[in-house]
Amino acid sequence: MHSCQGQCHCGNIGVEIQLSAQIHSITAQLCRCRFCRLHGAMWIGKPVHSLKLEAETAEHVQLYFDRSIDATYLLCSNCGTVASVLAFIEDKMHAAVNSNVLNLSPDVDLDVLHCQSHPNLTARQALRQDGWINEIDFCPELQRRIFTGVKEEKRHSETLV
């Protein structure tokens, strides 16, 4: 098992991934949604075995809920870095990590896959379920913040319908 760590620009959000393959054999996905294009995010999901997310100060982790694609982005409110994206599918959390936050040596050049736009939620969820990480470990403060925020957003979005 191989490990790779990283963090946002200021170091508030920390990530660690465990993979069965070497990092240079991983393909990052370049999402074509507006949010990911504006933030330059390149996502890594499987074959990552697990993802660990930590925060020095959980209050400085901003949650951005994108209802149009049913996803929650984790951003650092100190430095603006997008570290991860999360989605609940069938009551199970799935995630991808932004490859730009990983501490990769300069000689690692990830292959990039340009993702196709998926026209509906069912197609997006199937892709996430098959291609995203489903073993996620959060520090307790961050887990509380994420799950409380997601629950509140879900309750808010249901009142809009």
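The values are calculated or read from the model by the stated rules, or taken from the named source; none is laboratory data. This one's a predicted model, so the numbers in the text were calculated from it and none came from an experiment. All Cβ positions, even for glycine, are placed from backbone atoms using ideal geometry, and neighbour counts span all protein chains on display.
Here are some notes:
- Pair list, Cβ under 6 Å, 6 or more apart: region 40-60 residue within 10 Å of E135 (Cα to Cα) and modelled with pLDDT of 90 or more, other residue surrounded by 17 or more Cβ atoms within 10 Å (Cβ to Cβ) and not hydroxyl-bearing (S, T, Y): L51/I17; L51/A95; L51/V97; L51/I133; L51/I136; K52/E16
- When A58 is tested against the conditions (1) surrounded by 17 or more Cβ atoms within 10 Å (Cβ to Cβ); (2) over 23 Å from D107 (Cα atoms); (3) in contact with a strand residue (DSSP E or B) (Cβ under 9 Å, 6 or more places away or on another chain), the lone failure is (3).
- Matching strands (runs of 3 or more DSSP E) fully within region 34-150 where at least 3 residues are closer than 24 Å to H9 by Cα and of a type outside the set (D, E, K, R): 42-44, 48-55, 61-66, 71-76, 82-89, 92-98
Yes or no, residue by residue, for (1) at pLDDT below 85; (2) of a type in the set (A, V, I, L, M, F, W, C); (3) within 15 Å of K46 (Cα to Cα); (4) touching a Pro at 6+ places or on another chain (Cβ under 8 Å):
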| position | (1), (2), (3), (4) |
| --- | --- |
| D91 | yes, no, no, no |
| N98 | no, no, yes, no |
| P106 | yes, no, no, no |
| L113 | yes, yes, yes, no |
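- Looking across region 129-154, the residues that are of a type outside the set (G, A, S), closer than 17 Å to Y64 by Cβ and modelled with pLDDT under 90 come down to R145, I146, F147, T148, V150, K151, E152, E153, K154.
- So L74, is it buried (at least 20 other Cβ atoms within 10 Å of the Cβ), within 14 Å of I133 (Cβ to Cβ) and either in contact with a strand residue (DSSP E or B) (Cβ under 7 Å, 6 or more places away or on another chain) or not hydroxyl-bearing (S, T, Y) (or both): yes
- Residues considered: A21, A28. Of these, the only one that is among the aliphatic types (A, V, I, L, M) and either in contact with a strand residue (DSSP E or B) (Cβ under 6 Å, 6 or more places away or on another chain) or buried (at least 21 other Cβ atoms within 10 Å of the Cβ) (or both) is A28.
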